[in-house]
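Enquirer: Mind having a look at this structure? Questions to follow.
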């Protein structure tokens, strides 16, 4: 192996997690497994995206107005127009990083406590977020801030 370039090595098949990899840690040569890379051993450092992978966008006009954000993770701020009691509004997030097989995770950061959000459809290049005001009487007139992350998926 010492006399071979990395580019001359054969491609690996799907990793099982037990493969050994070379690394340098605190100036010393060490070995680690794919499983060690994929699992965060720290209670304060989770698994996620690096700084610069995300973006932000603010929705214009109404809660049904689409937005575009071509990042793997990000934050969407909706408009604060009125969403009547028990009403549902949906908007498309155009995102070139999204494939039809991906899973979109949402978390509501802020907004009216009675309004919920979820992903209603995922397609190549976009996903749809639906908002529902669960209050039977009062309209929601607050902007909602929603975080999203794309988990890359496949079917086979």
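The values are calculated or read from the model by the stated rules, or taken from the named source; none is laboratory data. All figures in this text were calculated on a predicted structure; none of them were measured in a lab. So basically every Cβ, Gly included, is an ideal-geometry build from the backbone, and we count neighbours across all protein chains shown.
Enquirer: Can you tell me which residue within the stretch 89-121, out of those that are more than 30 Å from residue 154 (Cα to Cα) and in contact with a strand residue (DSSP E or B) (Cβ under 7 Å, 6 or more places away or on another chain), is surrounded by the fewest Cβ atoms within 10 Å (Cβ to Cβ)?
Expert: 110
Enquirer: Here's another thing I want to ask about it. For the stretch 1-63, list the strands (runs of 3 or more DSSP E) that sit wholly inside it and hold at least 1 residues that are under 18 Å from the mean Cα position of the chain (by Cα), without any contact (Cβ under 8 Å) to a residue 60 or more places away in the chain and surrounded by 10 or more Cβ atoms within 10 Å (Cβ to Cβ); which are they?
Expert: Of the strands (runs of 3 or more DSSP E) lying wholly inside the stretch 1-63, those with at least 1 residues that are under 18 Å from the mean Cα position of the chain (by Cα), without any contact (Cβ under 8 Å) to a residue 60 or more places away in the chain and surrounded by 10 or more Cβ atoms within 10 Å (Cβ to Cβ) span 54-58.
Enquirer: May I ask you to verify whether residue 124 is touching a strand residue (DSSP E or B) at 6+ places or on another chain (Cβ under 8 Å) and modelled with pLDDT of 95 or more?
Expert: Judged against the criteria, residue 124 is not a match.
Enquirer: What is the number of the single condition among (1) within 20 Å of residue 95 (Cβ to Cβ); (2) in contact (Cβ under 8 Å) with a residue 60 or more places away in the chain that residue 141 does not meet?
Expert: (1)
Enquirer: Out of all the residues in the stretch 81-97, which are outside any strand (DSSP E or B) and under 23 Å from residue 137 (Cα atoms)?
Expert: Across the stretch 81-97, the qualifying residues are 81, 82, 84, 85, 86, 87.
Table: residues versus (1) in a loop (DSSP other than H, G, I, E, B); (2) within 24 Å of residue 47 (Cα to Cα).
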position: 79; (1), (2): yes, no
position: 99; (1), (2): yes, yes
position: 106; (1), (2): no, yes
position: 109; (1), (2): no, yes
position: 116; (1), (2): no, no
position: 131; (1), (2): no, no
position: 137; (1), (2): yes, no
position: 143; (1), (2): yes, no
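Enquirer: Another question, then. Scan the stretch 73-80 and tell me whether some residue there is surrounded by fewer than 13 Cβ atoms within 10 Å (Cβ to Cβ) and either within 30 Å of residue 14 (Cα to Cα) or in contact with a strand residue (DSSP E or B) (Cβ under 8 Å, 6 or more places away or on another chain) (or both).
Expert: no
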